[in-house]
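*Asks:* Sharing a structure, written as C-alpha cells. Questions coming.
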Protein chains: 2
Amino acid sequence: MDSMPTPALIVDPSTVDRNIAAMATRARSLGVELWPHVKTHKCADILARQLEAGAAGVSVATVREAELAADQHAPAILIAHPPASPERLSRAVALAGRVRLRVALDSEEVARALDEACRDAGVIAEWLWEVDCGVGRTGTPPGAATAERVARLATHTTAATFAGIMAFGGHAYGARDTDGVRAAAREERDAVVSTADALEALGVAVPVRSAGSTPTAHALDHATGLTELRPGNYVFHDATQVGLGVVTIDDCALTVAATVVSRPTDGRVILDAGSKALGADRMTELAPGFGTVVDHPELIVAKLYEEHAILSGAEAGTLPIGTRVRVIPNHACAAANLHRTMHHLGGSGEWTVAARGWRPELR
Amino acid sequence: MDSMPTPALIVDPSTVDRNIAAMATRARSLGVELWPHVKTHKCADILARQLEAGAAGVSVATVREAELAADQHAPAILIAHPPASPERLSRAVALAGRVRLRVALDSEEVARALDEACRDAGVIAEWLWEVDCGVGRTGTPPGAATAERVARLATHTTAATFAGIMAFGGHAYGARDTDGVRAAAREERDAVVSTADALEALGVAVPVRSAGSTPTAHALDHATGLTELRPGNYVFHDATQVGLGVVTIDDCALTVAATVVSRPTDGRVILDAGSKALGADRMTELAPGFGTVVDHPELIVAKLYEEHAILSGAEAGTLPIGTRVRVIPNHACAAANLHRTMHHLGGSGEWTVAARGWRPELR
C-alpha cells in the first residue's frame, strides 16, 4: 500500500464479504428477500458475491447496470428508474427477453409505453408502482388515491403486468439522529403496506412489497407486510452511514488512498485526493466534512478541490509531506463511480468498476 | 438531439471556440501569456484549439493530464500540484525529458526531491513557488518571509531551477458579488507581485509571475507585474460563473442532456441526470441549486440523487414526461470528468474526455 500511486480506490474484500453476509442474514431474519442495488459498486465480482449469498434479484439504476447483471446471470432484475425514453425502453425490453425483468414507474404514460413495447417485442415484464414515503423524489403519495390509480391501470396492461408497490426511504439521510432513521424506516414500510393493502381491498393482488435503502434496512424493527429490501451502500458503507449511526468505521470497506503533498501552515495539510477521487457529496450534517481519515479521527476533511483535499485539525501539523493515509468517502457509491479499478487492501488483486456511465464505452 | 440517449454530455464547439478566442484576446490585451488549465476538459481536441489560439504553455493538475499535453506537443507544461510521491515524481521527471516542464511546489522537501530526481535522470525542470493569496489551500503566505525561504532554497537547486512565483485566486468562488471577485483578483495579483518583488530585492530573478482561475482572469483590472494567467473553466463556463457574474448563460458551452422521467406532483419533475452526470458540487451560493436548465430559467435543480435530479418551480408542472432538456452544470470541470464522450450540439461529431483518472486505463 505504501508504494501505490495515489489517489487510488482501495477495497477490503473481507469487509465486503462480512457486510454481504450480515445483510443476507438480516434479510432472512426479517423474512424478506434481498434485492441488493448494483449502483453502489457497478462491479461484476461484488455482484457475484451478493448472488452467492442468496440475493433473490438485483436492483439497478441504469440499463447499463441491468445489462451487467444479466451478463452475471442474476435471477431477476429491477430497474428502479422509470424507462421514460425510447432508448431506455428498447434496451429494457431487450433485457426482458433474457431475464426476469421488473421496472419501477409512477405514471400511466410510462406503464402504457412499457406494456406496448413488451407486446410489440413478444416479451413479458413486470412493473412496480412507486409511492413517495417522504423523500420528495419519484412516486405518488401512498394510500387510497394511488391505489385507485394503480388498480385502474393494472387492468389495462397485459404484456407488462402489475407486480407490486415499492418505496425508497431516502429521507433517512436527512435524519437528525438514529431515532430519525428508525422513523424513516417505519414510514417507508407503512407507505408500501398501506398502499398495497388498499389495492388488495380493491381486488388487486400485490405480490411484491418492496422497500429500499441501507439505513432503513438496518433500522427496520420488523418487516411485517414487506416482501423484500433493496439496500445498496451496505457492501461498502461510508462516512455518511457512520454519521447516521448505522454502522461503525470498522464496517467501512471502501477508502481512497492519498498522499500528503503540502503542509503550508501548522494545523493544515493537503492531500492529493480531491472531489474527482472522493466525490463532493454532503449527504448528512451528522458526518463532518467530506470524509473520515482512517486512524486519524481528529482530522477533518474540511474542503475539497478537484485534486486537493484540505485536512484541518490540531493533529494535522504532525503529518509529514509524503505520508500515506486512507480516507473513507462520504458517499461510497459516488467514489466508486469515479474510478475504473478498486485495488484490494493489502493484496495484489483488484476489481473493475465495470458499469460506469450509461452505455458500454468503446475506446 | 431529440433522439440522443440521456444523460449525455453535450458541448457546443462554436461557443468553445468563442471562449478560447476571447480569453486569448484578453491575455494579449493584458500583456500576459496564457497557460490554460487542462483539468477542465482533459480533451486533446480542445487542447489543440487552445494551442492554435496561442497558448504559451498549459497547466495541469495530474501527471496524466501532463502526459496528454506532451502527446499533443504543448510547448511547455506546468504541473500545478506538488509532485510529492515517488510515482508522481518519476513520471514528472520522465516528462521533463520530453518537454519544457515546470512544477509548482510549496516546500523545501518537494523542491529538493525534484532537484535530485532531475539530476539523477540527467534532465532539467523549473519550479514555481506557490503563495496563498487567501484561498487557504496550498502555498505559504505572500511577502518577505516566503521570499527569504525561497531565496535560500533557490541557491541549492541546480537541476530543477527556480523560475518564479504563482498563486491561485480560488477564493473568488467565495465572493458575495462581482466586487468580491474583483477583490480576489487584486489579492491574487498582489500576492504574486509582492513576493516576487521581495525576492528580486534579495537578488533572485523572478521571470515567471503566474496567476490563475477563470473568475480572476476575467475580473483583473490590470496585470502589471504578472507574466501569465492560468484559467481553465473559461472554455466551457458553467452555472457558477454565471452566478458570480463573470459571464452570461450564452457563454456556457457545456450542458447535460436529460429526459423528464416522472412528474409525481404539480410543481415537481424528475430528470434522469443526477450527481453521476452533473456532479454534486455547490461552488457558490450565488448560483441556485445544482445547475441551470436551458430555456427554463424559472426551474431550480433543487436536489440531486445519483441518477435523478429534482426540478422544482411553478413551471415544472408544464413539462410532460419524455421532455428533453439541457442542464448547465454548476461545475463544468466536474461534469466533464464524469463522461467519456462530449457530443457536439446539433451535430454528429464528438470529443473524448481522454485524460480522466490518474493513470492510463487498460481495459
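The values are calculated or read from the model by the stated rules, or taken from the named source; none is laboratory data. Here the structure is a predicted model, which means the values were calculated and not measured. Here the Cβ is made from the backbone with ideal geometry for all residues, glycine too, and neighbour counts use every protein chain on show. Keep in mind that these areas ignore ligands, DNA and RNA; they rest on the heavy atoms of the full protein, side chains included. Shrake-Rupley method; radii C 1.70, N 1.55, O 1.52, S 1.80 Å.
*Asks:* Between B:Thr158 and A:Glu315, with labels modelled 7 Å along Cα→Cβ, what's the label distance in nm to one decimal, could you check?
*Replies:* Between B:Thr158 and A:Glu315, the simple spin-label model gives 4.3 nm.
*Asks:* Short version: which residues of the stretch A:1-45 lose at least 20 Å² of accessible area, all chains versus chain alone, 1.4 Å probe?
*Replies:* So the qualifying set is A:Pro5, A:Thr6, A:Pro7, A:Lys39.
*Asks:* Further question on the same structure: Relative contact order of chain A, please, whole-number percent, based on alpha carbon pairs below 8 angstrom and at least 6 residues apart. All intermediate terms of the calculation are to be shown ahead of the outcome.
*Replies:* Working: 844 pairs, mean separation 69.5, N = 363.
Relative contact order here is 19 percent.
*Asks:* Please give the FRET efficiency for A:Glu116 paired with B:Ala56, using the beta carbon to beta carbon distance and R0 = 45 Å, rounded to the nearest 0.05.
*Replies:* On the way: r = 59 Å, r/R0 = 1.31.
Rounded to the nearest 0.05, the efficiency is 0.15.
*Asks:* Continuing with this model, one more query. If r is the Cβ-Cβ distance from A:Asp179 to B:Ala48 and R0 is 60 Å, what FRET efficiency results, to the nearest 0.05? Before the final figure, lay out the partial values.
*Replies:* Working: r = 58 Å, r/R0 = 0.96.
Calculated transfer efficiency: 0.55.
*Asks:* Next question. Tilt of helix A:86-96 relative to the longest C-alpha principal axis of chain A, in degrees (0 to 90, nearest 10)?
*Replies:* The two axes meet at around 80 degrees.
*Asks:* Can you list the HN-Hα couplings for the stretch B:118-135, worked out from phi with the Karplus curve (6.51, -1.76, 1.60; θ = phi - 60°), rounded to whole Hz and with x for Gly and Pro?
*Replies:* Result, ordered by residue: 5, 4, 4, 8, x, 10, 10, 8, 10, 10, 10, 8, 9, 10, 8, 8, x, 7 Hz.
*Asks:* Would you jot down the residues in the stretch B:283-322 that end up with at least 20 Å² less accessible area in the complete protein assembly than in the chain alone, with a 1.4 Å probe?
*Replies:* B:Tyr305, B:Glu306, B:Glu307, B:His308, B:Ile310, B:Ile321
*Asks:* Separate question: Provide a whole-number value for the mean count of partner chain Cβ atoms within 10 Å of the Cβ atoms in peptide A:335-344.
*Replies:* Details: counts 0, 0, 4, 6, 4, 6, 4, 0, 0, 0.
Mean shielding count: 2.
*Asks:* When the Karplus curve 6.51 cos²θ - 1.76 cosθ + 1.60 is applied with θ = phi - 60°, which whole-Hz ³J(HN,Hα) does each residue of the stretch A:195-203 get, with x for Gly and Pro?
*Replies:* Taking θ as phi minus 60°, the curve returns 6, 5, 5, 5, 5, 5, 5, 8, x Hz for the stretch A:195-203.
*Asks:* Right, another one. For the A and B pair, go ahead and give the buried accessible area with a 1.4 Å probe, both sides summed, in Å² to 100.
*Replies:* It comes to approximately 5100 Å² buried between A and B.
*Asks:* Which ³J(HN,Hα) values, rounded to whole Hz and listed in residue order, are derived for the stretch A:204-216 from phi using the Karplus coefficients 6.51, -1.76 and 1.60 in 6.51 cos²θ - 1.76 cosθ + 1.60 with θ = phi - 60°, glycine and proline given as x?
*Replies:* 9, 5, 10, x, 10, 10, 10, 10, x, 5, 5, x, 6
*Asks:* Let me ask something else about it. Could you work out how far apart the two model spin labels at A:Thr224 and B:Ser348 are, taking each label as a point 7 Å from the Cα in the direction of the beta carbon, and quote it in nm?
*Replies:* Calculated label separation equals 6.4 nm.
*Asks:* Divide by every residue of chain A the summed helix terms, -39500 (n - 2.57) for each DSSP H run of at least 4, and state the resulting mean residue ellipticity at 222 nm, rounded to the nearest 500 deg cm²/dmol.
*Replies:* Working: 11 runs with 117 residues, N = 363.
Result for chain A, helices only: -9500 deg cm²/dmol.
*Asks:* Additional query: So in chain B, what percent of DSSP beta bridges are antiparallel if you round to the nearest 5? Before the final figure, lay out the partial values.
*Replies:* On the way: 25 of 56 bridges.
Percentage antiparallel, nearest 5: 45.
*Asks:* Could you tell me the calculated FRET efficiency between A:Arg359 and B:Arg149, based on Cβ-Cβ distance and R0 = 35 angstrom, to the nearest 0.05?
*Replies:* Working: r = 51 Å, r/R0 = 1.47.
Computed FRET efficiency for A:Arg359 and B:Arg149 comes out at 0.10.
*Asks:* Taking Rh as the Kirkwood radius computed over C-alpha pairs, what is the Stokes-Einstein D of chain B at 37 °C in a medium of viscosity 0.692 mPa s, expressed in µm² per second? Provide the component values of the computation, followed by the final result.
*Replies:* Values: Rh = 21.2 Å.
D, rounded to a whole number, is 155 µm²/s.
*Asks:* Mind checking the angle between helix A:144-154 and chain A's longest principal axis? C-alpha axes, 0 to 90 degrees, to the nearest 10.
*Replies:* Roughly 70 degrees, rounded to the nearest 10.
*Asks:* Using the heavy atoms of the protein chains alone and a 1.4 angstrom probe, what is the accessible area of chain B per residue in square angstrom?
*Replies:* I get 33 Å² per residue for chain B.
*Asks:* Once you average over the residues of B:77-84, how many Cβ atoms of partner chains fall within 10 Å of each Cβ? Write down the numbers at each step before the final one.
*Replies:* Values: counts 0, 0, 0, 1, 9, 8, 2, 12.
Other-chain Cβ atoms within 10 Å of each residue's Cβ, averaged: 4.
*Asks:* Once the other residues with Cβ under 9 Å from the Cβ of A:Val63 are scored (Lys, Arg +1; Asp, Glu -1), what is the net sum? Could you put the intermediate results ahead of the total?
*Replies:* Values: positive: A:Arg64, A:Arg88, A:Arg91, A:Arg359; negative: A:Glu65, A:Glu67, A:Glu87.
Net local charge, A:Val63 excluded: +1.
*Asks:* When the accessible area of chain B is split by element with a 1.4 Å probe, what percent falls to carbon and sulfur?
*Replies:* 51 percent
*Asks:* Which residue, chosen from B:His344, B:Thr292, B:Ala309, occupies the Cα position most advanced towards the positive end of the dipole of the stretch B:249-352, where the dipole is computed from +1 (Lys, Arg) and -1 (Asp, Glu) charges on Cβ about the Cα centre?
*Replies:* In the stretch B:249-352, that residue is B:Ala309.
*Asks:* Please give the Cα centre distance for the stretch B:49-87 versus the stretch B:133-193, rounded to the nearest Å.
*Replies:* 20 Å
*Asks:* Also: Pull up all non-local amide H partners of A:Ala125: gap of 5 or more, or a different chain, and H-to-H distance under 5 Å with H placed in the peptide plane.
*Replies:* Answer set, sorted by chain and number: A:Ala160, A:Thr161.
*Asks:* I've got another one for you. First select every other residue whose beta carbon is under 10 angstrom from the beta carbon of B:Gly139; then total the charges, Lys and Arg +1, Asp and Glu -1. Write out the running numbers ahead of the final one.
*Replies:* Values: positive: B:Arg137; negative: B:Asp106, B:Glu130, B:Asp132.
Overall, the nearby charge balance is -2.
*Asks:* If the viscosity is 0.890 mPa s and the temperature 25 °C, what Stokes-Einstein diffusion coefficient in µm²/s follows for the stretch B:249-352 when Rh is the Kirkwood radius over Cα pairs? Don't skip to the answer; put the middle values down first.
*Replies:* Values: Rh = 13.8 Å.
In µm²/s, the coefficient is 178.
*Asks:* In a GNM of chain B with a 10 Å cut-off on Cα contacts, which of B:Pro75, B:Pro264, B:Pro288 has the highest mean-square fluctuation?
*Replies:* B:Pro264
*Asks:* At A:Ile124 and B:Asp197, where each label point lies 7 Å from the Cα along Cα→Cβ, what is the point-to-point distance in nanometres?
*Replies:* Going by the 7 Å Cα→Cβ label model, 8.3 nm.
*Asks:* Between B:Arg324 and B:Asp266, what length in nm is gained on full extension when 0.36 nm per residue of separation is reduced by their alpha carbon distance? Could you put the intermediate results ahead of the total?
*Replies:* On the way: separation 58, 0.36 × 58 = 20.88 nm, distance 1.82 nm.
My answer for the length gained is 19.1 nm.
*Asks:* Output the 0 to 90 degree angle, nearest 10, between the alpha-carbon long axis of helix A:13-30 and the longest principal axis computed from the alpha carbons of chain A.
*Replies:* 30 degrees
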